[in-house]
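Trainee: Pasting a structure here, questions to come.
The values are calculated or read from the model by the stated rules, or taken from the named source; none is laboratory data. None of the values given here were measured: they were computed from a predicted structure. Using ideal geometry, Cβ is built from the backbone for each residue, glycine included, and neighbour counts are taken over all protein chains shown. The protein model used for the area step is the full one, side chains on, heavy atoms only, and it has no ligands, DNA or RNA in it. Shrake-Rupley method; radii C 1.70, N 1.55, O 1.52, S 1.80 Å.
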Protein chains: 2
Amino acid sequence: MDILFDKLIQKYSANQQLSKQTIAEIYTHLSILSFDKKHLLIRENQRHDYAYFIIKGAVRSYYLKDGIEVSTWFAFENDMVGSLHNFRDLPSRETFELTENTSFISINLKSLKSLIYSNVGISNFISAIIEEYAVFLEDKIFYSQLMNSLERYEALLENEPQVLQRIPLTYIASYLGISRETLSRLRSK
Amino acid sequence: MDILFDKLIQKYSANQQLSKQTIAEIYTHLSILSFDKKHLLIRENQRHDYAYFIIKGAVRSYYLKDGIEVSTWFAFENDMVGSLHNFRDLPSRETFELTENTSFISINLKSLKSLIYSNVGISNFISAIIEEYAVFLEDKIFYSQLMNSLERYEALLENEPQVLQRIPLTYIASYLGISRETLSRLRSK
DNA sequence: ATGATTTTGTGACATTTATCAAATGAAATC
DNA sequence: GATTTCATTTGATAAATGTCACAAAATCAT
């Protein structure tokens, strides 16, 4: 269990040496759990006190637009999933659904967040998670403006090959912002 | 000067009470400066140690795509401008150009960043800035997927009327991801 | 295994938007 | 104030993608 937790701690404390006490403190807000494929981890329009770090499995996030699911991302092993809105104590804008049976480290946001004013290590730990997310969002915007659909598909193939292997094309098309038919036609080139 | 600095401090320490010492510490990394319209505050592909808080004026950010400027945002009074890449000690992906004569508070990122491991107030101060930026980016993606061009234009008109008053339509079209001609036609409805 | 469900692919046509060209309008410069 | 530069609008055409309909293929559940 400590080995699993360490992977998470390491990832978001690369720039600092956390004290043994702080690590122990963070541990008390973590636990391990798993759900089956199709389980809804976080639901659109609901408050939720946890974020999750994927040990094994896959998660898709989406929101509804005119009753249609619009996929926003796919997360796998060693990725963090959670809603920034939830972190800010607001209802999530997205639903997070498991596309495989998945096991997680759950992170109690509310209780961990209450410590960021007194523990500088925890403050920087949380900050690193948010910074990583900001970089992810910035890249997403940058590449979506810079590239056309074919280039975006090819970049996904290049940078995130497991998405192509583990996620249905219907969801990928939706993520790329094109129709299933258009993606199918792009692929047959 | 303290009044100007306070506006910045207040904005990003809403959730915590900073000590007098911490505020004084932050002050030593701030100064005031101004440049004329068309000045390039931060340049694409360059490292830069400062972020800026706009006291009076307007800034446009853009990057080059096949030699064409693609506008990414417009900032005004009490907005923060800066490059997350620069904060991470990488070359900026965007250029920041003044569209009006503008005065700023400059923030020395490198020296302030060196304190986030020892001063929890400063860590949370910086974290609040990044969190605000992540929310901004998430909204940008969300609304760009949810709405069509006309709706995005109308939302901009509704939520950021000063953009329409202070920024040329050419730049706005580019920001909305459509051609000048298309924006012109949307407007004539 | 087999029937049901889900996922993927293809054709015909409609819609949106880009692109190119040119005219008009507004602002900056001398 | 005349001239140059930049910004906006309008028209014609082309390209990209969406939508609808349906078929084929793959996957799932019993």
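Trainee: Taking just the alpha-carbon atoms of the protein assembly as shown, what radius of gyration and Dmax come out, in angstrom?
Mentor: 21.6, 64
Trainee: Taking A:ARG187 in one copy and the same position in all the others, each labelled 7 Å out along Cα→Cβ, what are the pairwise distances from the first, in nm, shortest first?
Mentor: A:ARG187 label point versus its equivalents elsewhere: 4.2 nm.
Trainee: Further question on the same structure: Percent relative contact order of region A:2-146, based on C-alpha pairs within less than 8 angstrom and at least six residues apart?
Mentor: Values: 245 pairs, mean separation 45.4, N = 145.
Relative CO of region A:2-146 lands at 31 percent.
Trainee: Given A:LEU30, A:PRO91, A:TYR143, which one lies farthest toward the positive end of the charge dipole of chain A, if we put +1 on the Cβ of every Lys and Arg and -1 on the Cβ of every Asp and Glu?
Mentor: A:PRO91
Trainee: Additional query: Give the residue from A:PHE5, A:PHE125, A:SER114 lying farthest towards the positive end of the charge dipole for region A:2-131; charges sit on Cβ (+1 for Lys and Arg, -1 for Asp and Glu) and the dipole is referred to the Cα centre.
Mentor: So the residue furthest toward the plus end is A:SER114.
Trainee: Let me ask something else about it. For region B:79-189, compute Rg over Rh where Rg is the Cα radius of gyration and Rh is the Kirkwood radius from the inverse mean 1/r over Cα pairs. Write down the numbers at each step before the final one.
Mentor: On the way: Rg = 17.4 Å, Rh = 16.6 Å.
For region B:79-189, the value is 1.05.
Trainee: Between B:ASP66 and B:GLU151, what is the label-point separation in nm under the 7 Å Cα-to-beta-carbon projection?
Mentor: 2.8
Trainee: Find how many whole Å separate the alpha carbon centroid of region A:1-66 from the alpha carbon centroid of region B:46-104.
Mentor: After rounding, the separation between the Cα centres reads 33 Å.
Trainee: How do B:PHE76, A:PHE136 rank by accessible surface area computed with a 1.4 Å probe, from largest to smallest?
Mentor: On the way: B:PHE76 0, A:PHE136 65 Å².
These residues rank, largest area first, as A:PHE136, B:PHE76.
Trainee: Once label points are set 7 Å from the Cα along Cα→Cβ at both B:LEU164 and A:LYS56, what is their separation, rounded to one decimal in nm?
Mentor: The answer from the label model is 5.6 nm.
Trainee: Okay, moving on. Out of B:ILE122, B:ILE178, B:ILE141, any idea which swings most in a Gaussian network model of chain B, alpha carbons joined below 10 Å?
Mentor: Judging by the Gaussian network model, the answer is B:ILE141.
Trainee: Just counting partner chain Cβ atoms within 10 Å, what average do the residues of peptide A:138-148 show around their Cβ? Mind dumping the intermediate values first?
Mentor: Details: counts 11, 2, 4, 6, 5, 0, 4, 9, 5, 1, 0.
If you average over the peptide's residues, the count of other-chain Cβ atoms is 4.
Trainee: While we're on this one: How many lysine pairs are close in region A:1-75, with Cα atoms under 25 Å apart and the two 8 or more places apart or on different chains?
Mentor: 9
Trainee: With only Lys, Arg, Asp and Glu charged, each at its Cβ (+1 for the first two, -1 for the last two), find how big the charge dipole of region A:2-146 is about the Cα centre; round to the nearest 20 debye.
Mentor: Values: 15 positive and 18 negative charges, 46 e Å.
The dipole of region A:2-146 has a size of about 220 debye.
Trainee: Kindly provide the pair-distance distribution of region A:1-50 built from C-alpha pairs, with 10 Å bins from 0 and whole-percent values in order of increasing distance.
Mentor: 18, 40, 30, 12
Trainee: Just to be sure I understand: if you take the accessible area of chain A alone plus chain B alone and subtract the pair, with a 1.4 Å probe, what total do you get in Å², rounded to 100?
Mentor: Numbers: alone 11150 and 11140 Å², together 18940 Å².
Answer for the A-B pair: about 3400 Å² buried.
Trainee: Give the share of C-alpha pairs in each 5 angstrom bin for chain B, from 0 to the last occupied bin, in whole percents, shortest bins first.
Mentor: 1, 7, 15, 19, 19, 16, 11, 7, 4, 1, 0, 0
Trainee: Quick check on region A:30-130: what does the Kirkwood estimate of hydrodynamic radius come out to from the alpha carbon pairs, in Å? Can you show the working numbers first?
Mentor: On the way: mean 1/r = 0.0717 Å⁻¹.
13.9 Å is the Kirkwood radius here.
Trainee: Next question. What helices does chain A hold that run 30 Å or longer along their axis, going by alpha-carbon atoms, with a Kyte-Doolittle average of 0.5 or more, using DSSP H for the helix calls? Present the calculation step by step, with values, prior to reporting the outcome.
Mentor: On the way: long enough: A:120-146 (38 Å, 0.75).
Qualifying helices: A:120-146.
Trainee: Hey, what did region A:95-189 get for relative contact order, percent, Cα under 8 Å, at least 6 apart?
Mentor: Values: 28 pairs, mean separation 13.9, N = 95.
About 15 percent, as a whole number.
Trainee: Still on this structure, please answer the following. Take the alpha-carbon centre of region A:119-140, take the same for region B:157-189, and report the distance between them in whole Å.
Mentor: 32
Trainee: Turning to a different aspect of this structure: Run through the other copies and list how far each one's label point is from that of A:LYS65, in nm with one decimal, shortest first; the point sits 7 Å from Cα along Cα-Cβ.
Mentor: Result for A:LYS65, in nm, nearest copy first: 1.6.
Trainee: Could you give the size of the charge dipole of region A:100-151 about its Cα centre, using +1 on the Cβ of each K and R and -1 on the Cβ of each D and E, expressed in debye and rounded to the nearest 20? Working shown, then result.
Mentor: On the way: 3 positive and 6 negative charges, 74 e Å.
In debye, rounded to 20, region A:100-151 gives about 360.
Trainee: Given label points at 7 Å from Cα along Cα→Cβ, what nm distances, shortest first, separate B:GLN21 from the same residue in every other copy?
Mentor: Ordered by increasing distance: 1.7 nm.
Trainee: Tell me, what % of the accessible area of region A:2-146 is carbon and sulfur with a 1.4 angstrom probe? Please list the in-between numbers first.
Mentor: Numbers: 3400 of 6640 Å².
Heavy-atom surface of region A:2-146 belonging to carbon and sulfur, 1.4 Å probe: 51 percent.
Trainee: Let me ask something else about it. Sort B:ASP66, A:ASP139 by accessible area with a 1.4 Å probe, largest first.
Mentor: Values: B:ASP66 145, A:ASP139 50 Å².
Ranking B:ASP66, A:ASP139 by accessible area, largest first, yields B:ASP66, A:ASP139.
Trainee: Dipole size in debye (nearest 20) for the protein assembly as shown around its Cα centre, Lys and Arg Cβ +1, Asp and Glu Cβ -1?
Mentor: Working: 42 positive and 46 negative charges, 68 e Å.
It comes to approximately 320 debye.
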